[in-house]
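*Asks:* Before I ask anything, let me first share the structure, which is written out below as structure tokens.
The values are calculated or read from the model by the stated rules, or taken from the named source; none is laboratory data. Just so we're clear, the structure is a prediction, and the values are computed from it rather than from any experiment. Here the Cβ is made from the backbone with ideal geometry for all residues, glycine too, and neighbour counts use every protein chain on show. For the accessible areas, the whole protein counts, side chains as well, though only heavy atoms, and no ligand, DNA or RNA atoms are used. Shrake-Rupley method; radii C 1.70, N 1.55, O 1.52, S 1.80 Å.
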Amino acid sequence: MKRLIIFASGEGTNAEQLIQHFRKNKKAEVLWVITNRLCGAVKRALQADVPVLILDRRDFFRDPKFIRFIQKQQPDLIVLAGFLLLVPKELIAAFPGKIINIHPALLPKYGGKGMYGENVHKAVIAAGEKESGISIHEVNEKFDEGRILFQAACAVEPADTPETLGARIHALEYLHFPAQIGKILGV
């Protein structure tokens with residue numbers, strides 16, 4: 001069975017989707033949900049009986065025990081699902097090509113520090129884009145600049161608000177993220 005660790009900082013809806021998807025397919029399991037703060041992802045993980053580690057931001061960046069802890073778990077993949085911190089280069093080096101992220105836009109546009117959730121949707125609408133979507137990418141030492149593994153698009157409608165566009169983006173995430181992780185894992 002393949003082993004996943006999810007990093008999340010927000011509501012945790014993508015983390016919940018992944019937990020449920022892999023629980024049903026029984027070919028992968030979510031070992032931990034790791035977060036840097038008390039958030040919706042904590043509640044969703046605990047409700048699904050997945051252990052949670054709430055890590056102080058300073059520990060995440062400075063404590064080598066954290067990387068050793070992750071290594072002991074022997075994850076096949078580390079998945080960022082709404083995780084808002086830049087991943088330390090030491091963690092990336094310890095798991096080369098094994099950390100992926102989902103971004104709520106068609107990269108390389110609308111990525112980078114501060115570009116998450118509603119901020120992205122507002123920027124896409126303000127720029128008059130005709131389409132938006134999701135990007136699943138490898139994580140490197142910069143926000144949203146890793147190699148793109150998959151993208152799916154949807155139209156930006158003239159009457160869209162950040163909320164209506166966000167709802168269509170979430171639908172794309174829920175549809176494609178578990179399937180693409182399964183493909184990466186070969187399950």
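*Asks:* For Arg147, all conditions in the list (1) more than 20 Å from Ile99 (Cα to Cα); (2) surrounded by fewer than 17 Cβ atoms within 10 Å (Cβ to Cβ); (3) without any contact (Cβ under 8 Å) to a residue 40 or more places away in the chain hold save one; what is the number of the exception?
*Replies:* The failed condition is (1).
*Asks:* Which pairs do you get when a residue that is closer than 17 Å to Ala81 by Cβ, found in the range 102-131, comes within reach of a residue that is at pLDDT below 95 and open to solvent by 60 Å² or more (accessible area, probe 1.4 Å), reach meaning Cβ atoms under 7 angstrom, with the pair 6+ apart or on two chains?
*Replies:* Filtered contacts from the range 102-131: Tyr116/Leu84.
*Asks:* Moving on to the next point. Among the residues of the range 23-33, is there at least one that is under 24 Å from Ala179 (Cα atoms) and without any contact (Cβ under 8 Å) to a residue 24 or more places away in the chain?
*Replies:* Yes, the range 23-33 contains at least one residue that is under 24 Å from Ala179 (Cα atoms) and without any contact (Cβ under 8 Å) to a residue 24 or more places away in the chain.
*Asks:* Given the structure, is Ile100 open to solvent by 60 Å² or more (accessible area, probe 1.4 Å) and closer than 25 Å to Gln73 by Cβ?
*Replies:* no
*Asks:* Okay, moving on. Please return the ranges of strands (runs of 3 or more DSSP E) entirely within the range 1-120 where 3 or more residues are more than 25 Å from Glu145 (Cβ to Cβ).
*Replies:* Fully inside the range 1-120 and qualifying: 28-35, 52-54.
*Asks:* Can you give me the number of residues within the range 153-187 that are hydrophobic (A, V, I, L, M, F, W, C), surrounded by fewer than 17 Cβ atoms within 10 Å (Cβ to Cβ) and under 27 Å from Gly97 (Cβ atoms)?
*Replies:* 5
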